[in-house]
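Nothing in this text is a laboratory measurement; each read-out follows from the coordinates by a stated rule. In this text the structure is predicted, and so the values were computed from the model without any measurement. Virtual Cβ from ideal backbone geometry, glycine too; neighbours counted across all protein chains shown.
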Amino acid sequence: MVVVMAPEATESDIEEIVDLVNAAGGEAFVSRGVSRTIIGLVGDVEQFGALNLRSYPGVSDVVRISVPYKLVSREHHPNRSVITVGGVPIGPGHLTVIAGPCTVETAEQTLAAARMAQTAGASVLRGGAFKPRTSPYAFQGLGEAGLRILADVRAETGLPVVTEVIDPASVDLVSSYADMLQVGTRSMQNFALLQAVGSANKPVLLKRGMNATIEEWLMAAEYIAQRGNLDIVLCERGIRTFETATRNTLDISAVPVAQRLSHLPVIIDPSHSGGRRDLVLPLSRAAVAVGADGIIVDVHPHPAAAMCDGDQALTGEDIRDLAEMAATLPQLLGRTLTPAPRPVTGAAKLPTGLDASLV
Ligand code: PEP
Ligand code: MN
């Protein structure tokens, strides 16, 4: 059951509901959104019904939810949400392109990739500083030094930054640099991490576990929402199937299915799903056509020398093809490409040691 508070509800109205639910032996989870607060109730639904919560001041609605996730469902929030990342919207009406290197290697490489991302029509920069690699011998990322590079490149380009966080202990550190926290496919059911990002004051990009059903994915989002953070973007990045021609199988139907079940925006990762450069553009077109709210794409100035996922990184001519697609296809389908924010004049500082010829 979910209690939807009216926009004018006061803190004491919210507290009164929480106290009533606690006194009835239940638990109340308060989620404060931009325009309204909702309270998710866990416990005996019949007993909550007897409380007649709708009659209390500040309560706009009380909704019984039949799906196992509540706060992220469309049953309690019928309109699809728009999430903003450093001022950039992701949600209905827009196509938001997020692009950047799979992993931050150097300041030069990251800035060059960010410039490529801008050329491709991106309004948000991606890049991993903490890399959850399948092999313990593979490059694990630059850690905080990588986060510093991302922050410098944001200052230079104006692009807000999304980067992965892999454990609860580093959520504060990553939050102090990033505009959005990414939870990767391998971490989708790391419940301690989900709770930690749920308590952080940053939007979250939640990738679908490669072996997870759509319901499990939405339950993972519910863990985040339950801690008070409803600024979540879902990302379909391919699932494990018997097919070996591609790295993963892009589950294109997950987009409309998740959008029908949940109010959260849904984007597609055509790079990690196909795992092949030649598939990125066709899968990006499919993402726009199926109604995805955005795409997240790997780009690299020298894919052959990339420390991670070079096979799927776009470069050169492919960037121009992606830009053309992003500039034309969304309009045909009644949407607009989200524009990139402008850098704050004077605030920009070239990352140390940057080779200006690369940009
Ligand atoms: C990534 O986006 O860098 C990444 C590791 O993706 P995934 O978690 O989908 O494999
Ligand atoms: Mn990668």
Among beta bridges that DSSP assigns inside the chain, antiparallel share in %, nearest 5: 40
Interchain or long-range residues, amide H under 5 Å from SER262's placed H: ARG74
Qualifying trypsin sites (Lys or Arg not before Pro) in segment 34-125, DSSP loop, other Cβ atoms within 10 Å at most 13: ARG64
HN-Hα J in Hz across segment 26-41 - Karplus 6.51, -1.76, 1.60, θ = phi - 60°, x for Gly and Pro: x, 10, 10, 10, 8, 10, 9, x, 5, 9, 8, 10, 10, 10, x, 9
Most mobile listed residue (VAL63, VAL34, VAL97) in the chain, GNM with C-alpha springs under 10 Å: VAL34
Alpha carbon centroid spacing (whole Å) that separates segment 95-133 from segment 278-339: 12
Kyte-Doolittle mean at least 1.0 and Cα axial length at least 15 Å: DSSP H helices in the chain: 277-290
Net charge over other residues, Cβ less than 14 angstrom from the Cβ of ALA200 (K, R count +1; D, E count -1): -2
Residue exposure sequence - LEU95, LEU53 - by fewest surrounding Cβ within 10 Å: LEU53, LEU95
